[in-house]
1. May I ask you to order 148-156, 62-70 by the average number of other C-beta atoms within 10 Å around their residues, highest value first?
2. Sorted by average packing, counted as other Cβ atoms within 10 angstrom per residue and highest first, what order do 122-128, 164-170 take?
3. So what's the back-of-envelope 222 nm ellipticity for the chain, counting only DSSP H runs of four-plus at -39500 (n - 2.57) apiece and dividing by all residues, rounded to 500?
4. May I have the extent of the alpha carbons of segment 1-68 along their three principal axes, as whole Å values ordered from largest to smallest?
5. Considering only GLY222, GLY21, GLY241, give the residue with the highest GNM mean-square fluctuation for the chain, with springs between Cα atoms whenever their separation is below 10 Å.
6. Using Cα pairs under 8 angstrom and six or more residues apart, how large is the relative contact order of segment 7-205, in percent?
7. Defining a contact as two alpha carbons under 8 Å apart and six or more residues distant in sequence, what relative contact order in percent does segment 96-245 show?
8. Which lysines, on any chain, are close to LYS237 with Cα under 30 Å apart, when same-chain ones fewer than 8 places away are left out?
Amino acid sequence: MDDLPPLRDVIARHGIRAVKGLGQNFLLDLNVTDRIARSAGDLSGVTVVEIGPGPGGLTRSLLAAGARKVVAIERDERCLPALEEIAARYPGRLDIVAGDALKIDYRSLAEGPFRIVANLPYNVATPLLIGWLREEPWPPAYLSLTLMFQREVAERIVAAPGSKAYGRLAVLAGWRAKADILFDLSPRAFSPPPKVVSSVIHVAPRTEPLPCDAAALERVVGAAFGQRRKMLRQSLKSLGGDPAVLLAAADITPTQRAEEIDVAGFVGLANAFSRRGDG
Ligand code: SAM
């Protein structure tokens, strides 16, 4: 594909022994990383921001797929020399940023629209996803997110009302974006293998989410799912005031539970909460 050495050799030569604390489960099969790169959409002429490139398998696939530029953010300094070798193979197309992805201002990273692609540890990926979904102003600077999650978390992101996995993450994701699970990867695809199955998800931001205040939405969703087995007339008491007033304004039956309310229902509740004046 790119006449660079096999990833196993790169890892051995640079002594990049996988460290658990950094959630390092590397993808060594370039067919797998090619598949992820392809699933990110058309990359030709597009800037890709990659989080956690590690030894650079997915980075190589993104460049080979025609990305105009890849901006790769990696926290583990041991990986930087391996990434420099990729940068030398693709002059001017790979920017390596040594740092913590949780502390980066994404808007200032790339000129023009960009796609975000990452195989990240779950404990970093979930806060990053929430941050990207909360971005203001909306629509955000990124065109799409293509991210690896453990299967169980991916299911919570794409969950529909009425399912066990449906909760705060699904409402936030469903409000601002269309999120889909594209495919699963068995633990064997990684080195070392994680304990669980992983899923690649694609998140496409909605240009016009149903209008409501993000903070108000998070308040009502937090109250509703904070006591998910209770009826809303009970669980929404934690917002103060009389839940019956909010529920009537949003046209929701007070005996329903959080799990039964779709995104539009929560938006209605959030708008009623904002109108009440203390949201
Ligand atoms: N993308 C590579 C691949 O697919 O083989 C590596 C994936 S590995 C699951 C996660 C990578 O994210 C590691 O290289 C790790 O050092 C890096 N990482 C972990 N936490 C990070 C953070 N907060 N900011 C940037 N990179 C991070």
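1. Details: 148-156: 19.3, 62-70: 22.4.
So the peptides 148-156, 62-70, ranked by packing, come out 62-70, 148-156.
2. Details: 122-128: 16.3, 164-170: 18.7.
Per-residue mean Cβ counts within 10 Å order the peptides as 164-170, 122-128.
3. Values: 11 runs with 103 residues, N = 279.
-10500 deg cm²/dmol, from helical runs alone.
4. Extents along the principal axes, in whole Å: 34, 27, 17.
5. GLY21
6. Details: 376 pairs, mean separation 41.0, N = 199.
Computed over segment 7-205, the figure is 21 percent.
7. Numbers: 195 pairs, mean separation 29.6, N = 150.
Relative CO of segment 96-245 lands at 20 percent.
8. Reachable lysines: LYS164.
We did not get these values from a lab; they are worked out from the coordinates using the rules stated. Note that this is a predicted model, so its numbers are computed, not measured. As a convention, Cβ positions derive from the backbone with ideal geometry for all residues, glycine included, and neighbour counts pool all protein chains shown.
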